[in-house]
1. So what J values fall out for segment 158-164 if you push phi through Karplus, 6.51 cos²θ - 1.76 cosθ + 1.60 with θ = phi - 60°, rounded to Hz, Gly and Pro as x?
2. With a 1.4 Å probe and all protein chains left in place, how much of the accessible area of segment 264-344 comes from carbon and sulfur atoms, in whole percent?
3. Can you pull the one-decimal nm distance between simple spin-label points at Phe137 and Ile178, each 7 Å off the Cα toward Cβ?
4. Along the Cα→Cβ direction, 7 angstrom out, place labels at Ala193 and Ser459. What is the inter-label distance in nm?
5. Quick one: what are the phi-derived ³J(HN,Hα) couplings along segment 427-436, Karplus 6.51/-1.76/1.60 with θ = phi - 60°, whole Hz, x for glycine and proline?
6. Counting only protein heavy atoms and a 1.4 Å probe, tell me what percentage of segment 354-475's accessible area is made up of carbon and sulfur.
7. May I ask you to give the percent of accessible area on segment 56-124 that is carbon plus sulfur, with a probe radius of 1.4 Å?
8. Could you give the accessible area per residue of segment 214-334, probe 1.4 Å, as a whole number in Å²?
Amino acid sequence: MATESSSKSRPEISTFKGQDRALRAGRLGTGGLLLSVLAATAPLMVVAGVMPTTFAVMGIVGQPLLYVVLGLVLVLFSVGYAEMSRHVHNAGAFYAYISRGLGGTAGASAALVALVAYNALQVGIYGIFGFEVSGLFATYADLSVAWWIPALVAALVVGALGWLKIDVNARVLGVLLIVEVALVVIFDVAAVADPAAQGLSLHAFNPDTLSGAGVGTALCFCIAAFLGFEQAPVYAEETSRPHILVPRVMFLAVGGVAVFFALSSWALTVATGPSAVVAESQKQSAGLLFGLTESRLGGTFTDVLHVLFVTGMFAAMLSFHNVVARYAFAMGREGLLPAAFGRTNSASGAPGTGSLLQTAVSVVVVVVFAIADDKPTGDPTVPVLHLFTWFGNIGSLGVILLMAAASASVIAFFVRRGAVGAQAWRLVTSALAGIALLVIAVYTVKDFDVLVGAGPGSSLSWLLPGIIGLAVVVGLAQGLILRARRPEAHARIGLGNEAFQLEKAAEEAS
């Protein structure tokens, strides 16, 4: 069993001839892992970008209550997911769990969906990052810089950091995240201290505010703010006590994110007044937060906030980059990608080939959108905004489906082990979370035209989510082919380091 072999056998694995196919253990403690995970949530990007967009597009005042509801759903999800992490330690987290519960073929499909989804989430941020950096150059240096130049520079810097060992990345992520969160908290306090005419109203937490037709789509917007907490098991092999640290970090992340975003979105309603927040969001869009800080905390604070908006996005890009590299590493190690991806750097122990793959994908996508930007579109920002919204929602849909499948795999895993009685309450929470996540996924697909700003008859409403659907089908086909042609490789899907231990035992027996 994974629980029995993972921690005890790790020193032996390090001397095995396949040691370059194992990530180095002991690099991350609770703090480093938590910072690496939370960086992907990009708190300032959510507060300045996602929240005003949700208020404006959905017209729902009760966004703070949505974060509470989603927090509860994801806590339910984390109960089974965290328990699974005690039994399975694999850099391919989602697909490893799904393989253990639903079989190797389903695991192969989940692996490809995860690779596509996290790549999309990471690459999408380059659009808004480049646009914001270009704006900073224009405002503070009076320089006209095309958005794709800082985007490409960021892709190369992120790739270089991804090549380095994980503790360097954790320091970079941690500093950026702590300062970013501190500034948002300062705004929250300032909003409460200086509310609009309606005072410290709690109207945004009233369930009646969620009676509109846009609630389902609003859930799609808001759940993207949580993405990152589920990455904790990806780093399990790089912690000294994964069975303790991974569950701890997941619950800290989900709880912290839910409280932080609920309070911050409430602070926006307090600063504008609940009756005015929708209209102000529609008028100012992403400028809402900066306008509110300008009037309460001054121009210098707002300037710093603009800079931290950019660094927060950089931290998120770096975090997602690390996750993609580790998924590619796990897939290469188990035959779902070429073997070169399943090797680590001899110097740093990082999944170098996966890092190079993610960097290459980022550069290619940015270049394609840069070429599109040179065409007469009428609005030079259109390709940039499309890069961010299209890819961000593709990635969100993929992760929502992965979480739903992981909930089902938790149930199947413990049922197969005959542990229904011992794990009964965890199986119930997993079932409830899985149903809720499937409902959100259905709304996401149904309203994809709204999410990406396309017309109701636009082909984008099925082409973009179709990318995730294609990944599901291609992954299933790969799993079936692997089962038919290389059954021994198919049997290893999701085993991670356990497979190496089995190989070693077989060699010693022979």
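The values are calculated or read from the model by the stated rules, or taken from the named source; none is laboratory data. No experiment lies behind these values; they were computed from the predicted model shown. Using ideal geometry, Cβ is built from the backbone for each residue, glycine included, and neighbour counts are taken over all protein chains shown. Each accessible area value is taken on the protein alone, full model and side chains, heavy atoms only, with ligands, DNA and RNA left out. Shrake-Rupley method; radii C 1.70, N 1.55, O 1.52, S 1.80 Å.
1. Per residue, the Karplus-derived 3J(HN,Hα) values read 4, x, 5, 5, x, 6, 7 Hz.
2. On the way: 1340 of 2240 Å².
The C+S portion of the solvent-accessible surface of segment 264-344 is 60 percent.
3. Going from the Phe137 label point to the Ile178 one covers 3.2 nm.
4. The modelled label-to-label distance comes out at 5.5 nm.
5. 5, 5, 5, 5, 5, 5, 5, x, 5, 4
6. Numbers: 4130 of 5420 Å².
Roughly 76 percent, rounded to a whole number.
7. Values: 880 of 1190 Å².
Of the solvent-accessible surface of segment 56-124, carbon and sulfur hold 74 percent.
8. So segment 214-334 comes to 24 Å² accessible per residue, rounded to a whole number.
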